[in-house]
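Taking it in order: structure first as structure tokens, then the write-up.
The values are calculated or read from the model by the stated rules, or taken from the named source; none is laboratory data. Nothing here was measured: the structure is a model prediction, and the numbers come from that model. Neighbour counts run over all protein chains shown; Cβ positions are idealised from the backbone, glycine included. Only protein heavy atoms, including side chains, enter the accessible area calculation; ligands, DNA and RNA are left aside. Shrake-Rupley method; radii C 1.70, N 1.55, O 1.52, S 1.80 Å.
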Amino acid sequence: MLENNKPIVVAGGGHAGIEAALAISRMGGSCILITMDKKAIGRLSCNPAIGGLGKSHLVKEIDALGGTMGFCSDFSGIQFKTLNKTKGRAVWALRAQVDKKTYPKYVSKILKTNSRIKIVEDEVVAFSIKKERIVSVKLKKEGFLECSAAIITCGTFLNGLIHIGKNSFSAGRMGEPPAQGLTECLREHGIKTGRLKTGTPPRLSKNSIDWKQTEEAQGDSTIEPFSLFTKRPFKKKQEPCYTVRTNASVHKIIHKNIQSSAMFSGKIKGVGPRYCPSIEDKIFRFKENPSHLLFLEPEWSNSNQIYLNGFSTSLSEAVQKQALRAIPGLEKVEFIRPGYAIEYDYAPPYQLNAGLMSKTIKGLFFAGQINGTSGYEEAAAQGLVSGANALLYTQKKDPFILSRDSSYIGVMIDDLITTHLDEPYRMFTSRSEHRLSLRPDNCYERLADIAQNQGLLNLNQKKHTSLFFKEKNKVLNWVNQHKITLKNKTVLAAKHIKRPEISLLSIIPKEYKKLYFFKEAVFSVETNIKYEGYIVNEQQRMASIQKLEKARIPKNFNYNQLQGLSNESRSRLNKIQPETLGQASRISGIRPTDITLIGINIKKVSRET
Amino acid sequence: MYDRLDNIVALATIPGKSALNVIRLSGEKSKYIFASLTKTQTSPQPNHVYLKYIYALQEKDPFDFASLVYYQAPKSFTGEDSLEISVHGGIIIANKLIETIVDLGARQALPGEFSYRAFCNNKIDLLQAEAISSIVEANNSVDSYYLLNTIKGGLSKKLQESKDSIENILIEGEHEIDFTEEEISAKTVQKFHHSLQKSQQQIIDILLKSYTVEKKASEMRVAIIGLPNVGKSSLFNLLLGKSRSIVTSEQGTTRDTVEADIYIDTAFITLIDTAGLRKTNNKAELLGIEKSYQEIKRAHILIVVDDKNPLKILKQLNKYIKKKTTVLVLNKIDLKTTNKKEENIFYVSCKKNQGINPLLTHLLTCYKKERSEFQSQYFYLVNKRQQTLLKRIKQDLGLAVQKYKNTKDLSACLSDLYLIRDQFNSLIRPSEKEEILHSIFKGFCVGK
Ligand SMILES: Cc1cc2nc3c(=O)[nH]c(=O)nc-3n(C[C@H](O)[C@H](O)[C@H](O)COP(=O)(O)OP(=O)(O)OC[C@H]3O[C@@H](n4cnc5c(N)ncnc54)[C@H](O)[C@@H]3O)c2cc1C
Ligand SMILES: Nc1nc2c(ncn2[C@@H]2O[C@H](COP(=O)(O)OP(=O)(O)O)[C@@H](O)[C@H]2O)c(=O)[nH]1
Ligand SMILES: [Mg+2]
């Protein structure tokens, strides 16, 4: 079935690798997933939660494209909460705390029972190319393996270096060895790499905490699942988590011992994310804040291991402990594992095209943390896109590209390939210029067609997606046909719901409650109506951008011969080599007049050839 | 399509009989052209005035004695290397100079091309460019005062301030949405609403203080009001006669308002005679009275005339007049016998031409006071583009505030604010495509 009968290799069994392998299989291809530790497939390296601000939008889109992350989170979730409920429904964000044992187990089962995916426990240490195409990967144990394409999803493993206080040692993440050799091979083949860092808080022993002094934080009373393919009605036994607050004594201890922090002593060279700051960062940067909120989250159901959300750190273990013991309730706290920071190699993603393939080595794809992103959801979304594109590449088909106006995934990939990252990239809703159009509730409307056309949905997913649309249309028909009688006049239901205080739920007849997707359908119809004006505005803006997106810049376009470009613009364009005028326009420092100039010249070039 | 790499040259003064002509050049070759024109080897110092003979190519004898100034990039109007050359008047010398410069590798500039380059090089924004384009047409000192203010960046600064206030709301809003996991508190909602209203008020203020093409900034309207037959028209005619010159005089029906432009000293004033205010059933007269009330609203200074008690009339009209500057005139003093005089009332007799001079002096004082308030507070929106965009911003911001109040939907509100921010950008410094910019600059004259 594969074009040259050689397999596609997926290097890495993290969230990116998983979605990549599954996407290939749903589209009818097959692949070999090579990962360093079979038991670590789908492991959650950091917090026991999926979704949250900005990220839940990605999980929903992954779901609409047939991916597995949302479905597995629903399955293994132990607390569900919608954040941002008071800030407008376009930015509602579902966050599921998941059982860290169940999640990877469930994901592994899905992979292992998939006949199109072969899992091999080994390590990719190098690859070789012929005529600018990847032809094989080299495995540590098994040696060379010929391939038609390879997807690198090595996470934090490439030359990973863990720091705890003054100690540092090589590791991919705690308890796992690093991956060595691949970075060097990438560099040999002209791919630039850099260094980033991220950190994780300590894990506390449940029995060492005085729970009476903590505050309980419950999940939502009525809960929604991420996935359209999770069975309705969605019911779950939820577990609470707990909160404590830091105080002046805690801050003082950290202040006094700051030199023990690997980050502050200058030992860590990689740049960490600004928006997920370590506790030492928070205390130094937000001096005016007398106290920071910390969450105590069980890592799995009935777990003795408690994740201390909000206390990511690279202080020495002794200082971490001393500081925490100044918090009421944690006076006698014991660690199962201290917090740590990890430094790792990444490959700046401007070297990729919109299908996540290297611009210089054909058939070589990159997804996840190695592209400089941070987070499970970001990794999974890229994994899905890279998987689909690897298969399409081997079939010599057009790439699968999501535009900025189609999805947050499109926004993310476009950002990655056009901007210069100086810190790990994570998803924010504000990164999209079409936020009211890219909502969680309409992700299926936005993506179902694309997913179907690419063959990204399996039979069951197709069935549920079309059922959802059918039911949604029923609700829509009612809204567009039914008249509501008010005091002195009658109005169409669709018009009536436009008023902010009117909900569709309160006026739709009872019999609609029988619909399988009742809640989702009603919510989606209602939101579309309420946001109509805004969406029209956004669509006008999208249309004006469309033209630029469609204008392709020929490969190896010669910016040097373009008179009128500033040297600065020229060097940026040369570095990033945008594929379209749209991409070029988003490179920082490039002016509209530059775009016009390039525009005129690409027309000339295409006329000449 | 302007080509930004060329060296461009143009006559900056109006062709015709003049003592001097100024020729302007912008581009990389400025230094070289300076050297060739003046046949000197040393390169010119920036911002120095050089008095030199200038030569055409291959000619031994100079064709003029000129003053030349070289400006070095980026410290020039266009942001590029530039030359400004003043030559003796008459089109022959100017043309010869331009031809010579063209021979040296420049080309004739298109309309607005200098301003366009200044805009592209971030030396000026669009508001400034448009003011530069309009200042040639300003026919009075007031217009040119405002235009100069805009050229110096006064209007841009004011608009930038209100754009900044919108951007601050955006930043705080985004922080709330993307970084704050807790739900929004009633206090924060209140804060957003308050900031929105403040931004809205800023825009309303700018618009209130703005003059437009139709609503000329040069206009200082002084209306004469009062009951019928108290001598308003008599006073009007008297003031016209006393005024230094009559610019125009427009005649309506006796029941309509009549206006004329006059100078009192250097003050340029539009004087208006109105129909007497009283109850009537006559349709035409009603219309006239209606117009009188409109004029009360529109005028900057009101002269309240009465032959008995102007203060009483003023009090009766108070709700129309509000806080406007008023001048009280008691007319027909020739018929009165008492000599009792109150302060702040001007006692005149139109018939006997008495008491007019103190009134004129006082009017001049009022004018100056009004004008100085004007000058510190007012802006001149020079074209439809500026007026329409600013009005749209006001309208859209008003809607956004209303919607946020009703829905409390922060994400939707920010979407509105992003559009409004874009409108600010199109107003001040559009990142439009080149074609659109060209059509804006094309309306300028050559040499600007
Ligand atoms: C200490 C730490 C703290 C973190 N903190 C945060 C945080 O605060 N916020 C946040 O959003 N995210 C955080 N993360 C990041 C999050 O875990 C990752 O973004 C996400 O897991 C990336 O997914 P991935 O698929 O790219 O890689 P990973 O999940 O890291 O998976 C990589 C996989 O590739 C395999 N592998 C690696 N190299 C090779 C090779 N050469 N050959 C074969 N297999 C290989 C590994 O065995 C592993 O299975 C943190 C991660 C760590 C380790
Ligand atoms: N005695 C006297 N009569 C005046 C004076 N001013 C105007 N009049 C007369 O008052 C009448 C009305 O004057 P007019 O200017 O038409 O008043 P208007 O209706 O307020 O415009 C005319 O007959 C004038 O001659 C004045 O100062 N003294
Ligand atoms: Mg009259």
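Can you tell me which of A:Ile508, A:Ile545, A:Ile553, A:Ile529 is β-branched (Val, Ile, Thr) and open to solvent by 40 Å² or more (accessible area, probe 1.4 Å)?
Of A:Ile508, A:Ile545, A:Ile553, A:Ile529, the one residue that is β-branched (Val, Ile, Thr) and open to solvent by 40 Å² or more (accessible area, probe 1.4 Å) is A:Ile545.
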Would you tally the residues in segment B:326-338 being surrounded by 17 or more Cβ atoms within 10 Å (Cβ to Cβ) and either closer than 26 Å to B:Tyr211 by Cβ or charged (D, E, K, R) (or both)? 3
I'd like to check something: does segment A:460-481 contain any residue that is assigned to a loop (DSSP other than H, G, I, E, B) and either at negative phi or touching a helix residue (DSSP H, G or I) at 6+ places or on another chain (Cβ under 8 Å) (or both)? no
By residue number, the members of segment B:109-131 that are surrounded by fewer than 24 Cβ atoms within 10 Å (Cβ to Cβ) and at positive phi are B:Asn122
Only one of (1) within 14 Å of chain B (Cβ to nearest Cβ); (2) among the acidic types (Asp, Glu); (3) in contact with a Ser or Thr (Cβ under 8 Å, 6 or more places away or on another chain) fails for A:Glu433. Which number is that? (3)
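Quick one: which residue in A:Lys498, A:Lys514 is of a type in the set (D, E, K, R) and at pLDDT 95 or above?
A:Lys514
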Would you call A:Tyr344 in contact (Cβ under 8 Å) with a residue 40 or more places away in the chain, open to solvent by 10 Å² or more (accessible area, probe 1.4 Å) and touching a Gly at 6+ places or on another chain (Cβ under 9 Å)? no
Tell me, yes or no, whether segment B:276-293 has at least one residue that is more than 16 Å from ligand 1 (Cβ to nearest atom), at pLDDT 85 or above, out of contact with any Ser or Thr (no Cβ under 8 Å at 6 or more places or on another chain) and closer than 22 Å to B:Leu328 by Cα. yes
Only one of A:Lys6, A:Lys60, A:Lys81 is more than 19 Å from the chain's Cα centre (by Cα) and either farther than 18 Å from A:Gly363 by Cα or among the basic types (Lys, Arg) (or both), namely A:Lys6
Per the filter on segment B:407-436, residues under 22 Å from the mean Cα position of the chain (by Cα) and not in a loop (DSSP other than H, G, I, E, B) are B:Gln423, B:Phe424, B:Asn425, B:Ser426, B:Leu427, B:Ile428
Closer than 25 Å to B:Leu37 by Cβ and polar (S, T, N, Q): does that describe B:Gln108? yes
If you take the residues in segment A:377-428 that are of a type in the set (D, E, K, R) and assigned to a loop (DSSP other than H, G, I, E, B), which one is nearest to A:Gln351 (Cα to Cα)? A:Asp422
Are any residues in segment A:502-549 among the acidic types (Asp, Glu), more than 12 Å from chain B (Cβ to nearest Cβ) and under 28 Å from the mean Cα position of the chain (by Cα), and if so, which ones? A:Glu520, A:Glu526, A:Glu549
Got a number for residues in segment B:52-108 being farther than 16 Å from B:Lys29 by Cβ, of a type outside the set (A, V, I, L, M), touching a residue at least 60 places away in the same chain (Cβ under 8 Å) and open to solvent by less than 60 Å² (accessible area, probe 1.4 Å)? 3
On the given criteria, is B:Leu155 more than 14 Å from chain A (Cβ to nearest Cβ), surrounded by 17 or more Cβ atoms within 10 Å (Cβ to Cβ), touching a helix residue (DSSP H, G or I) at 6+ places or on another chain (Cβ under 7 Å) and part of a helix (DSSP H, G or I)? yes
Residue list for segment A:582-604, filter: under 31 Å from the mean Cα position of the chain (by Cα) and either more than 19 Å from B:Cys120 (Cβ to Cβ) or among the small types (Gly, Ala, Ser) (or both): A:Gly582, A:Gln583, A:Ala584, A:Ser585, A:Arg586, A:Ser588, A:Gly589
Residues located in segment B:414-423, provided they are closer than 18 Å to B:Gln197 by Cβ and at the interface with chain A (Cβ under 8 Å from one of its Cβ atoms): B:Leu414, B:Asp416
Read through the list (1) part of a helix (DSSP H, G or I); (2) within 14 Å of another protein chain (Cβ to nearest Cβ); (3) in contact with a Lys or Arg (Cβ under 7 Å, 6 or more places away or on another chain), then give the number of the only condition that B:Ile184 fails. (1)
Could you say whether any residue in segment A:567-578 is in a loop (DSSP other than H, G, I, E, B) and either surrounded by fewer than 17 Cβ atoms within 10 Å (Cβ to Cβ) or modelled with pLDDT of 90 or more (or both)? yes
Tally, over segment B:23-61, of residues that are among the basic types (Lys, Arg) and assigned to a strand (DSSP E or B): 2
Test A:Lys87 against the criterion of being outside the structural domain of A:Pro277 (by TED's automatic domain parsing) and open to solvent by 10 Å² or more (accessible area, probe 1.4 Å), and give yes or no. no
Taking the stated definitions as given, is B:Lys408 open to solvent by 40 Å² or more (accessible area, probe 1.4 Å), in contact with a helix residue (DSSP H, G or I) (Cβ under 7 Å, 6 or more places away or on another chain) and within 14 Å of chain A (Cβ to nearest Cβ)? yes
